Amino acid sequence: MSTFRSIVFSSVIAGFIVGLIVTAVQQFGTVPLILKAEVFEKAAETHQHDAATAPQAAAAGHDHAGHSHADHDHGAGAWEPREGLERNAYTAAANVLTAIGFALLLAGFFAVRSGATGESISWHEGLMWGLAGFAVFTIAPGFGLPPELPGVPSAPLLSRQIWWLAAVLATAAGLAMIVFRRSVPAAIAGVILLTLPHLIGAPELEHVETNVPTSLSHQFMVAVTVTSLVFWSLLGSLTSAIFARFDRGAGPSA
């Protein structure tokens, strides 16, 4: 039970700290780029709406007016957080919950590792685990499905989710075989697993039309990658350090 408390407490504390730090980093990195892309997205939607409704207006003005009003009301009914404090609060909450979830996963690994070796997990080892998480959840799937801004068309969501999950699982399994098995056959199998999702290829559209500048998309990819690196580095090192402290404190009474 003491180990379970150490896992939970360290995950909540580390996840809360990292979630807030990453939220602050996003305010200077990804958020401004998303807001710029939304301007292009709304401009494109307005242009498409005007182009689609112009022939209808010429054919039946009064009917078009009625349908236009209904369409506008339907679009206005879609809820989204208001800009400013509300949007930032939802972003911070999502980041904290995500960080706590991944911290629970890391702390569980730390508990198994320390239980097997009998030694406390250092923050250096936690950092390495965090970098492994960065490779599994960001680098590997990012090669096939790079982060995309609003207004950039993409393949169907379900197919992208399936490929993303397959890439994450294959990368995690491949790294585990290479690092923990430490044999030539295991290393070969690990390399095969690492490359298999990319040999199959991620789902993508044959032709993409968007008015979002390519330079903006590239900046967003870099910003997301750097933010993710900060997230995983801090999460791994903080979770391991806090877990080790709780675990040492719980040891004598266990």
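The values are calculated or read from the model by the stated rules, or taken from the named source; none is laboratory data. Keep in mind the model is a prediction, meaning the values are calculated, not measured. Methodologically, a virtual Cβ is constructed for each residue, glycine included, from the backbone with ideal geometry; neighbour enumeration extends over all protein chains shown. Remember, those area values only see protein heavy atoms, side chains included, never the ligands or the DNA or RNA. Shrake-Rupley method; radii C 1.70, N 1.55, O 1.52, S 1.80 Å.
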Step by step: first the residues of the stretch 114-124, then only those that are part of a helix (DSSP H, G or I) and among the hydroxyl-bearing types (Ser, Thr, Tyr), then the one that is least open to solvent (accessible area, probe 1.4 Å). Which residue is that? SER114
When the residues of the stretch 125-154 are filtered to those that are assigned to a helix (DSSP H, G or I) and not hydrophobic (A, V, I, L, M, F, W, C), which remaining residue is nearest to PHE243 (Cα to Cα)? GLY126
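The rows are residues; the columns are (1) open to solvent by less than 50 Å² (accessible area, probe 1.4 Å); (2) within 18 Å of PHE220 (Cα to Cα).
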{"position": "VAL96", "(1), (2)": "yes, no"}
{"position": "VAL112", "(1), (2)": "no, no"}
{"position": "GLY126", "(1), (2)": "yes, no"}
{"position": "GLY151", "(1), (2)": "yes, yes"}
Only one of (1) surrounded by fewer than 17 Cβ atoms within 10 Å (Cβ to Cβ); (2) assigned to a helix (DSSP H, G or I); (3) touching a helix residue (DSSP H, G or I) at 6+ places or on another chain (Cβ under 9 Å) does not apply to VAL222, and that is (3)
Please give the number of the condition PHE180 fails out of (1) of a type in the set (Phe, Trp, Tyr); (2) out of contact with any Leu (no Cβ under 7 Å at 6 or more places or on another chain); (3) surrounded by 13 or more Cβ atoms within 10 Å (Cβ to Cβ). (3)
